[in-house]
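Asks: Could you have a look at this structure, given as structure tokens, before my questions?
Read-outs throughout are calculated quantities, based only on the coordinates presented, and are distinct from any laboratory measurement. Keep in mind that this is a model prediction, so the values were computed, not measured. Counting neighbours? That spans all protein chains shown, and the Cβs are built from the backbone with ideal geometry, glycine included.
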Amino acid sequence: MRTLVTFAGLALIGAMIFTIVSFTATPAEQPVAAANPVTETLQERLKRLPGDYRSWAELGSQYVDQARVTGDPSYYAKAEGALDTAAKLKADDDAVLTGRAALAAGRHEFSDAVRLAEQAIEANPYGAAAHGVLADAKTQLGDLRGAERAVTKMLDLRPGVAAFARASYAAELRGDQDGARTYLEHAHRDAWLPPDLAYARYYLGELALHSGDLATAQDWYAKALQAYPAYTPALAGQARAAALGGRLTEALGLYERVVERLPLPQYLIEQGETRLKTGQQADWTLLKAQRTLFEAAGVRDDLTWAEFEADHGDPARAVRHARTEYERNPNLVAADALAWALYKAGKPDEALPYAKKATSTGWRNPLLSYHRAKIEQALGRPARVDPAFDPALSALARFS
């Protein structure tokens with residue numbers, strides 16, 4: 001599922017220089033001081049003021065962001081340390097609770113994320129960030145109505161890139177492509193920092209890609225990289241568009257750059273499928289190493305391994321992963337993963353109810369449609385498979 005996180009100033013976060021601005025001048029001197037602010041890192045501030053629980057919470061939250069941006073799960077342990085310190089100082093502070101909720105969501109502990117986000121909202125009903133985490137976690141738990149309520153509240157409190165992006169995804173999940181595009185256009189108009197511009201343009205590209213408009217998708221990905229050349233998802237988008245457009249050599253060159261920058265499991269699987277499409281062998285060594293790293297960092301991701309095993313490994317193992325994921329997070333994508341795993345394990349009759357759930361909201365997802373059609377065909381039911389869909393590149397059809 002889409003990672004619904006936008007953060008102003010990701011370029012600074014990427015450098016791991018967390019700065020704050022302090023003004024020590026008197027009111028009469030403030031205009032001069034404002035022109036020459038004194039900056040210090042959060043780490044420096046915390047050495048000076050170790051009891052500043054809000055700065056500890058901010059540091060923890062930024063480590064969570066960094067884990068998502070870099071794909072390095074070791075930042076989750078750093079985040080946990082900072083947030084534990086913040087909680088010892090003031091456990092009921094809304095910023096501390098929101099940071100802990102974001103960490104839980106990053107580790108795919110979505111029930112914990114809901115609990116902590118709701119506590120943060122109780123402490124401060126006007127905290128837009130907590131409503132955003134709540135929306136993300138409820139989406140992953142399959143509570144789409146609850147997620148939409150949280151998104152609506154976030155839009156009321158702080159309409160901006162983060163809120164518009166979540167509203168776009170909510171619209172997309174209910175099959176409203178025009179609404180999803182409109183919200184992303186709002187996000188694009190509201191964005192001014194390069195990372196936020198890149199984020200909005202990338203997801204406009206994703207909407208175009210999954211509707212089959214490769215040219216428009218390619219254009220948005222290029223514009224995303226113009227805004228922020230370090231934005232790896234847009235480079236991955238270009239690789240995806242090239243592969244789906246039949247330019248496999250170009251796609252493999254792009255994927256090499258993508259995984260050098262950000263070896264996320266999704267990108268490694270896409271790269272492997274593109275290699276298989278060209279007749280080469282896929283090397284899953286790095287993918288398996290990443291799996292070990294994520295597990296060691298406390299990240300539970302049965303979804304990825306259910307999808308991978310169903311398409312490239314052991315269907316029985318895929319079913320086990322998919323059942324575990326669905327029991328914890330009964331969302332649309334988990335339902336699809338369980339349906340496909342059961343189908344690949346030779347159980348289309350058991351698969352169909354989950355395939356129906358995965359496609360029950362009107363979400364126009366080509367991968368989910370393909371899976372349901374194949375399951376229905378296996379049961380002797382009339383079903384049309386989109387001839388434009390390439391099952392050899394199924395990972396490229398997953399929404400990132």
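Asks: Determine the relative contact order of the stretch 206-279: mean sequence separation of Cα pairs under 8 Å and six or more apart, normalised by residue count, in whole percent.
Replies: 23 percent
Asks: Select one label from (i) 50; (ii) 35; (iii) 46: the one whose number is percent of Cα pairs over 32 Å apart as derived from the coordinates shown.
Replies: Read-out from the structure maps to (ii).
Asks: Considering Cα pairs under 8 angstrom that are at least six residues apart, work out the relative contact order of the stretch 121-222 and quote it in whole percent.
Replies: 17 percent
Asks: Would you calculate the separation in nanometres between label points at GLU295 and ALA230, each defined as 7 Å from the Cα along the Cα-to-beta-carbon direction?
Replies: 3.2 nm
Asks: Could you list ASP178, ASP301 so that the one with the fewest beta carbons within 10 Å of its beta carbon is first and the one with the most is last?
Replies: In increasing order of surrounding Cβ atoms, one gets ASP178, ASP301.
Asks: Is the shape of the stretch 141-229 best called rounded, prolate or oblate, per the rule: a/c under 1.5 gives rounded, else a/b larger than b/c gives prolate, else oblate, with a ≥ b ≥ c the square roots of the Cα gyration tensor eigenvalues?
Replies: Taking the square roots of the gyration eigenvalues as a ≥ b ≥ c, the stretch 141-229 is oblate.
Asks: Mind checking which of LYS47, LYS288, LYS153 has the largest fluctuation in a GNM of the chain, springs on alpha carbons under 10 Å?
Replies: LYS47
Asks: OK, next. If each DSSP helix of 4+ residues adds -39,500 (n - 2.57) and the sum is divided by the residues in the chain, what number results at 222 nm, nearest 500 deg cm²/dmol?
Replies: -22000 deg cm²/dmol
Asks: Let me ask something additional. Any chance you could run the full-extension gain for ALA282 through LEU89? It's 0.36 nm times the residue separation minus the Cα-Cα distance, nm to one decimal.
Replies: Stretched fully, the ALA282-LEU89 segment lengthens by 64.5 nm.
Asks: Using a Gaussian network for the chain with springs between C-alpha atoms less than 10 Å apart, which of these wobbles most: ALA243, ALA289, ALA337?
Replies: ALA289
Asks: Let me ask something else. When a footprinting reagent is the concern and you count Cβ atoms within 10 Å, what order do ARG166, ARG149 take, fewest first?
Replies: ARG149, ARG166
Asks: Now, a different point. Evaluate the relative contact order of the chain (contact order divided by residue number), counting alpha-carbon pairs under 8 angstrom at least 6 apart; express in whole percent.
Replies: 12 percent
Asks: Once you've got the GNM for the chain with C-alpha springs shorter than 10 Å, pick whichever of LEU204, LEU286, LEU173 has the biggest mean-square fluctuation.
Replies: Residue with maximal mean-square fluctuation among LEU204, LEU286, LEU173: LEU286.
Asks: Among VAL64, VAL133, VAL69, VAL299, what is the fewest-to-most ranking by other Cβ atoms within 10 Å?
Replies: VAL299, VAL69, VAL64, VAL133
Asks: What spacing in nm lies between the two simple spin-label points modelled at ASP72 and ARG189, each 7 Å away from Cα in the Cβ direction?
Replies: Label at ASP72, label at ARG189, 3.9 nm between them.
Asks: Round to the nearest 0.05 the FRET efficiency obtained for ALA388 and GLU40 when R0 = 60 Å and r is the Cβ-Cβ distance.
Replies: The formula returns an efficiency of 0.65 here.
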